[in-house]
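A short write-up of the structure that comes next.
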Amino acid sequence: MYRLENEIRNYAWGSRKVIADLLGRDDADRPEAELWLGAHPLGSSRIADCDGSPTLKHEIELDPDRHLGEAVHAEFPSRLPFLFKVLAADRPLSLQAHPNAARARAGFAAEEAAGIPIDDPMRSYRDSFDKPELFVALVPCEVLCGFREAAQAADILARLGISQLGPYIASLLTGRASDGLRVVVTTLLSLPSEAKANLAGQVIEECRRILGSDEPGPHARAYYWAVRLGEAYPGDIGVVMSLLLNLIELQPDQAIFQAPGMLHAYLHGAGLEAQANSDNTLRGGLTPKHVDVAELLKILDFEPAVDQIIEPIQIEDGEPCAGARTWRTPARSFALYDWNLDGTTKRELGTSGPSIVLCLHGEVTLMNSAGEMTLTKGESAYIASGEPQVSIHGTGRLSHVSVGQVPRSR
């Protein structure tokens, strides 16, 4: 077991309070958007208890069989499969999507062959891996996630009364929903800059009109966010695209899963994010950063997304991680567990691969035959696959990410 020191990412959309409070500090001097726990090349945790605080990435590469276990090492050679984050958004993130494994390998290889530096802002692929992700809300959150049903998207656009949107509405109501959405998104992203700005401006003006009416209708929240996004990113076509996406309100402990190709944006809130160990992000708008339209259109999934909210399930006795809650996803590279300990029961972590744990509040002690370690709020630890089985006890909440399919509850 290794106590971790973790890296904070200071993006402009972050919060000055959330991560600072978790770590027991006063409000930060600048926005803190993400706390990274893991072994990504662009931001690896460090092992606090070792001389020189080596990176976790370096230690895993020195002895991958012990850290990962033979099976995980064979599937994910010499690399931790997952990355664990605390995400804190005071402002909306960009519209974005992540590639599948095949597209990530091809895109990364192409940019490497072209000699584009890894830190070049025009680069789309930072590594050669896919990036599915699970987001669990810690506070009420709002998220744009996946495309709406085409008929609903058409109704939202039609209520704006903008004649220029007529062909888009017709496309959404003709043929397969995914084909209509593909045509609309492709057309919007391919408009000249001036046309994008003009259309975005008209949409914001009409959204304001509707919100100011006596009966703003069933899509008022979508119009509200279009206005907010337009104020933050004037002239950005992402304002129009936001109306094509599901607007999801998450309550604490509810989750969403972002499969490869799913266009999404976190609007506000804070939560835990378990994901594959990748930083590949292709943006579609609401950002001053590079938007690679051609590559984004290659990876987007235009099938409407429904029933996206994932509720936690309790893992019952006799299963790995019995006593914890979890959220089912199809991801192989990660699984997220949540332990609420009341001081009366000792539990077994129960996973066979490497794990990272984070104490969200209270005090939790990790124990095995090699020793013990106590974590308080904001403290975290890494547990290698080769460690003896770890048990936990205390009073508090422990979040736990490991590898593999989520165990099935009975």
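The values are calculated or read from the model by the stated rules, or taken from the named source; none is laboratory data. Predicted model, so just to flag it, every value in this text is computed and none were measured. Every residue, glycine among them, receives a Cβ derived from its backbone with ideal geometry; neighbour counts consider all protein chains shown. Each accessible area value is taken on the protein alone, full model and side chains, heavy atoms only, with ligands, DNA and RNA left out. Shrake-Rupley method; radii C 1.70, N 1.55, O 1.52, S 1.80 Å.
Any residue at all in region 283-292 that's more than 21 Å from residue 90 (Cα to Cα), of a type in the set (Asp, Glu) and without any contact (Cβ under 8 Å) to a residue 12 or more places away in the chain? No. Somewhere in region 381-401, is a residue part of a loop (DSSP other than H, G, I, E, B), in contact with a Phe, Trp or Tyr (Cβ under 9 Å, 6 or more places away or on another chain) and either of a type in the set (Ser, Thr, Tyr) or under 30 Å from residue 25 (Cα atoms) (or both)? Scanning region 381-401, I find at least one residue that is part of a loop (DSSP other than H, G, I, E, B), in contact with a Phe, Trp or Tyr (Cβ under 9 Å, 6 or more places away or on another chain) and either of a type in the set (Ser, Thr, Tyr) or under 30 Å from residue 25 (Cα atoms) (or both), so the answer is yes. For region 147-182, a tally of residues being open to solvent by 50 Å² or more (accessible area, probe 1.4 Å), farther than 23 Å from residue 261 by Cβ and not hydrophobic (A, V, I, L, M, F, W, C) returns 6.
Looking at region 60-80, can you tell me whether even one residue there is more than 24 Å from residue 138 (Cα to Cα), assigned to a loop (DSSP other than H, G, I, E, B) and open to solvent by less than 10 Å² (accessible area, probe 1.4 Å)?
So in region 60-80, the residues more than 24 Å from residue 138 (Cα to Cα) come out as 60-80.
Filter again for assigned to a loop (DSSP other than H, G, I, E, B), leaving 63, 69, 76-80.
In the following step, the residues that additionally are open to solvent by less than 10 Å² (accessible area, probe 1.4 Å) were identified as 80.
Looking for residues that are more than 24 Å from residue 138 (Cα to Cα), assigned to a loop (DSSP other than H, G, I, E, B) and open to solvent by less than 10 Å² (accessible area, probe 1.4 Å), one finds at least one in region 60-80, hence yes.
Which of the residues that make up region 327-384 are hydroxyl-bearing (Ser, Thr, Tyr) and at pLDDT 95 or above? Result: 337, 355, 365, 374, 376, 380, 382.
Quick check: anything in region 308-322 out of contact with any Asp or Glu (no Cβ under 8 Å at 6 or more places or on another chain) and within 25 Å of residue 32 (Cα to Cα)? Within region 308-322 (the criterion being out of contact with any Asp or Glu (no Cβ under 8 Å at 6 or more places or on another chain) and within 25 Å of residue 32 (Cα to Cα)), the answer is no, since none of the residues qualifies.
Within region 32-56, being in contact with a strand residue (DSSP E or B) (Cβ under 7 Å, 6 or more places away or on another chain), surrounded by fewer than 21 Cβ atoms within 10 Å (Cβ to Cβ) and outside any strand (DSSP E or B) holds for 48, 49, 53, 54.
Keeping to region 272-298, report how many residues are under 18 Å from residue 103 (Cα atoms) and open to solvent by less than 10 Å² (accessible area, probe 1.4 Å).
In the first step, residues of region 272-298 are kept if they are under 18 Å from residue 103 (Cα atoms); the result is 275-284, 291-298.
Now drop any that are not open to solvent by less than 10 Å² (accessible area, probe 1.4 Å), which leaves 275-278, 280, 282, 284, 296.
Qualifying residue count for the region: 8.
Of all residues in region 198-231, those that are surrounded by 16 or more Cβ atoms within 10 Å (Cβ to Cβ), over 25 Å from the mean Cα position of the chain (by Cα) and in a helix (DSSP H, G or I) total 8.
Within region 238-271, the set of residues being open to solvent by 10 Å² or more (accessible area, probe 1.4 Å) and assigned to a loop (DSSP other than H, G, I, E, B) comprises 251, 252, 253, 254, 259, 260, 262.
Can we say residue 281 is hydroxyl-bearing (Ser, Thr, Tyr) and under 23 Å from residue 130 (Cα atoms)?
Details: hydroxyl-bearing (Ser, Thr, Tyr): yes; under 23 Å from residue 130 (Cα atoms): yes.
Yes; evaluated as a whole, the condition is true for this residue.
Examine region 97-112 for a residue that is closer than 18 Å to residue 142 by Cα and open to solvent by less than 10 Å² (accessible area, probe 1.4 Å), and state whether such a residue exists.
Pass one, region 97-112, residues closer than 18 Å to residue 142 by Cα: 97.
From what's left, open to solvent by less than 10 Å² (accessible area, probe 1.4 Å): 97.
So far as region 97-112 goes, yes, one or more of its residues are closer than 18 Å to residue 142 by Cα and open to solvent by less than 10 Å² (accessible area, probe 1.4 Å).
How many residues, within region 11-31, are outside any loop (DSSP other than H, G, I, E, B) and closer than 17 Å to residue 379 by Cα? Walk me through it before giving the result.
Initially, region 11-31 is screened for residues outside any loop (DSSP other than H, G, I, E, B), giving 14-15, 18-22.
Filter again for closer than 17 Å to residue 379 by Cα, leaving 18-22.
Total satisfying the criteria: 5.
Among the numbered conditions (1) surrounded by 16 or more Cβ atoms within 10 Å (Cβ to Cβ); (2) part of a helix (DSSP H, G or I); (3) at pLDDT 95 or above; (4) not aromatic (Phe, Trp, Tyr), the only one that residue 86 does not meet is (2). Residues of region 128-146 that are touching a helix residue (DSSP H, G or I) at 6+ places or on another chain (Cβ under 8 Å), modelled with pLDDT of 95 or more and crowded, with 22+ Cβ neighbours inside 10 Å: 144 alone.
Results for (1) assigned to a loop (DSSP other than H, G, I, E, B); (2) among the β-branched types (Val, Ile, Thr); (3) over 19 Å from residue 312 (Cα atoms); (4) open to solvent by 30 Å² or more (accessible area, probe 1.4 Å), shown as yes or no for each residue.
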position	(1), (2), (3), (4)
330	yes, no, no, yes
336	no, no, no, no
344	yes, yes, yes, yes
359	no, no, no, no
363	no, no, yes, yes
375	no, no, yes, no
